[in-house]
Structure formats: structure tokens, C-alpha cells
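Accompanying notes for the structure given below.
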Amino acid sequence: MLILEIKLPNYSVDAEPDHLLIGKIVDNELKSQFPGKQVLVRAIASSEHPGKTVDELVNMIAQKGTDRYDPERAGDRYDNIEGKHIDLFAFPADLSTDNAVFNQAVWGFYHSAKVIHGYPMRIDIVLIYDATKMQQVLHQYVGREDIKDDGFCFKEPNNKPDALLGVIKLL
């Protein structure tokens, strides 16, 4: 498993970030480090993990294979109509193509977070999973007609670190 750093000195949520530029920088690093792979890209904000530094979170993620380290913590948006088990939310990405991926995460952590939480969030940790070691979980939220396809669970829940290809710290 790789632990990488990308310096993004102009990435802040004090104002709307340039999601296309930031997305391109991160996408280029993903394609460079994991060429041609089918991956899941999960973004997290350390600000949602009170009392933990980015480095502490990265160390826990490397050991456990996930940022879901506290079974008592419900997590954001995990409830769904059918009560399906979801280990994490992520964006599927085919790194053999030129398709943009990470700009969606940056946009969502700014705009959608403002709607859901009342404030934007800065992504500072990116988890990259081997898509072949994860199972997609289609789910639906109460009061919504659309079927969501961003939920995933580990195919081998007792070996989560094996599914984790890398962690990127966005500095």
C-alpha cells in the first residue's frame, strides 16, 4: 500500500475551490501511481474526525483498511430504505481512460456539504481501493426516488487492508 502526498497550496474552502483544477491534479497522480487500474476513490475530511490529526487518521487507515474505525459512530448517509450494509461511499474510476473523477468529490465536499451540514469541507485524505475487492451496494434514501450507486462493501470484511491500494494526503 502506498502513502503519497500532493501539495495543493491554493485548495481551501474559504471560497469555492477550483474543482476542475484540483480534480485534474489528483486524477493525474492517480493515473500515474495506479495506471490502468479499476479503483474506487474515497475522499474524507479530517475535520469530521475530531481529536485526530491527518497523520493519525492515515496510520489508522493503513492498519484497518478503512476510515470507519469506530463501530459506535453511525456515519453520514449510511441509513437507507432497505437497511443494506454499506462500508463506504466512493467514486468508481477506470484509470485507463481520460475520464475525470476527483473533481466530483471536490465539488460535492464544497456544495453538497453546505446543503447537508451547513458548511463546506476540505478533503485532506483520499483512499484508493481495488475495485475488484469491493462489492457495489445499490441503495435508496427515504423520500427519494433515485437509486444510488455510490455505496460499497468489502468482499473480504476480515481483510480490509488488502483492498486498500493507497492513501493520498492533500497538503
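Table for the structure above
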{"read-out": "Flag for Ile86 being at pLDDT below 90 and in contact with a strand residue (DSSP E or B) (Cβ under 7 Å, 6 or more places away or on another chain)", "value": "yes"}
{"read-out": "Residues (part of a loop (DSSP other than H, G, I, E, B) and touching a helix residue (DSSP H, G or I) at 6+ places or on another chain (Cβ under 8 Å)) located in the range 42-55", "value": "Ala45, His49, Lys52, Thr53"}
{"read-out": "Residues of the range 83-120 satisfying the condition of being among the hydrophobic types (A, V, I, L, M, F, W, C) and closer than 13 Å to His19 by Cα", "value": "Ala100, Val101, Phe102, Ala105, Val106, Trp107, Phe109"}
{"read-out": "Yes/no for Ala93 being in contact with a strand residue (DSSP E or B) (Cβ under 7 Å, 6 or more places away or on another chain), modelled with pLDDT of 90 or more, crowded, with 20+ Cβ neighbours inside 10 Å and in a helix (DSSP H, G or I)", "value": "no"}
{"read-out": "Condition met for Phe109 (touching an Asp or Glu at 6+ places or on another chain (Cβ under 9 Å) and surrounded by 14 or more Cβ atoms within 10 Å (Cβ to Cβ))", "value": "no"}
{"read-out": "Failed criterion for Val142 (all others in (1) of a type outside the set (Phe, Trp, Tyr); (2) surrounded by fewer than 19 Cβ atoms within 10 Å (Cβ to Cβ); (3) modelled with pLDDT of 95 or more hold)", "value": "(3)"}
{"read-out": "Test: residue in the range 19-37 that is in contact with a Gly (Cβ under 8 Å, 6 or more places away or on another chain) and in contact (Cβ under 8 Å) with a residue 60 or more places away in the chain", "value": "yes"}
{"read-out": "Where a residue in the range 151-169 is assigned to a strand (DSSP E or B) and its partner, wherever it lies, is of a type in the set (Phe, Trp, Tyr), with Cβ under 8 Å and at least six apart", "value": "Gly151/Phe89; Phe152/Phe89; Phe152/Tyr129; Leu164/Tyr129; Leu165/Phe34; Leu165/Tyr129; Gly166/Phe34"}
{"read-out": "Close pairs (9 angstrom Cβ cut-off, 6 or more residues apart or separate chains): at negative phi in the range 92-117, hydroxyl-bearing (Ser, Thr, Tyr) and crowded, with 18+ Cβ neighbours inside 10 Å anywhere", "value": "Val106/Tyr11"}
{"read-out": "Candidates Val39, Val13, Val26, Val58 - the one that is β-branched (Val, Ile, Thr), at pLDDT 95 or above, farther than 17 Å from Ala113 by Cα and not in a helix (DSSP H, G or I)", "value": "Val39"}
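The values are calculated or read from the model by the stated rules, or taken from the named source; none is laboratory data. Please read all numbers here as calculations on a predicted model, not as lab measurements. Note: ideal-geometry Cβ built from the backbone for every residue, glycine included; neighbour counts use all protein chains shown.
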